[in-house]
1. Counting only residues that are under 17 Å from Asp37 (Cα atoms), give me the strands (runs of 3 or more DSSP E) lying completely in segment 106-191 with at least 1 of them.
2. If the requirement is being closer than 17 Å to Arg101 by Cα, β-branched (Val, Ile, Thr), modelled with pLDDT of 90 or more and in contact with a helix residue (DSSP H, G or I) (Cβ under 8 Å, 6 or more places away or on another chain), which of these qualifies: Val74, Val56?
3. Pick out the one residue from Leu55, Leu79 that is part of a strand (DSSP E or B) and either crowded, with 19+ Cβ neighbours inside 10 Å or of a type in the set (Gly, Ala, Ser) (or both).
4. Might you let me know whether segment 109-117 holds any residue that is free of Cβ contacts under 8 Å to residues at least 40 places away in the same chain, under 25 Å from Tyr62 (Cβ atoms) and of a type outside the set (Asp, Glu)?
5. Applying the selection to segment 157-172, what residues are surrounded by fewer than 17 Cβ atoms within 10 Å (Cβ to Cβ) and either within 23 Å of Ala121 (Cα to Cα) or touching an Asp or Glu at 6+ places or on another chain (Cβ under 7 Å) (or both)?
6. Considering only residues that are touching a helix residue (DSSP H, G or I) at 6+ places or on another chain (Cβ under 9 Å) and among the hydrophobic types (A, V, I, L, M, F, W, C), which ones fall in segment 172-190?
Amino acid sequence: MTRTIAATPRFSLVLPSEGLAEKLTSVINVAYARTEDDFWKTNAVRTSVPEVTQLVAAQRFYKLTAPDDGDALVGCITLTRVSPGKVEFGMLAIAQAALGRGYGNLIMREAEREARDKWQASEAQLSLLIPVDRARKHTFKATLKSWYERMGYVNRKTLTLEETVPHLCAIVAMEMEMLIFDKALVPPQQGSD
């Protein structure tokens, strides 16, 4: 059951002066451990404080905070320009305490708006790491794939792990592949969004 959001959350660029790198890293790593723990041979982490600090400095990290909860960090996402008209979304994560409240939908809507209106992108891209062996049903990844598709993202290609993030090949517990999704970012209709 999805709970409603009481006050309008704030979607904003993370500024280096906010000192949020450790908190963002924790939110991301907890979220990915919760959903991908069985993918790895070791206790792998999705990101590190130095990587997040670098992305914050490059003005690529966005946060969602909840005013009705003391401006608590409830989620985050990165935006990366991959071509003149295309922005890739990554490291989408929702804080454990904020799950089930609609924040994922809100972050995606706001990231799309930011990419379209401020980054002047006409297309968004995202990727989804999944097991190659379809008999290994991964419920969360299947749910996430369906969620992306309901939001209008289309799986345009599938790449091997070697093609996308070869440094991960040594630590995966099973053969993996990357689904690449994209979506046209069209301006909202008058009176909507």
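1. The qualifying strands (runs of 3 or more DSSP E) are 123-131, 176-184.
2. Val74
3. Leu79
4. No, segment 109-117 contains no residue that is free of Cβ contacts under 8 Å to residues at least 40 places away in the same chain, under 25 Å from Tyr62 (Cβ atoms) and of a type outside the set (Asp, Glu).
5. Lys157, Thr158, Leu159, Thr160, Thr164, Cys169
6. Val172, Ala173, Met174, Met176, Met178, Leu179, Ile180, Phe181, Leu185, Val186
The values are calculated or read from the model by the stated rules, or taken from the named source; none is laboratory data. All of these numbers come straight from a predicted model, not from anything done at the bench. When we count neighbours, we look across all protein chains shown, and the Cβ atoms used for this are built from the backbone with ideal geometry, even at glycine.
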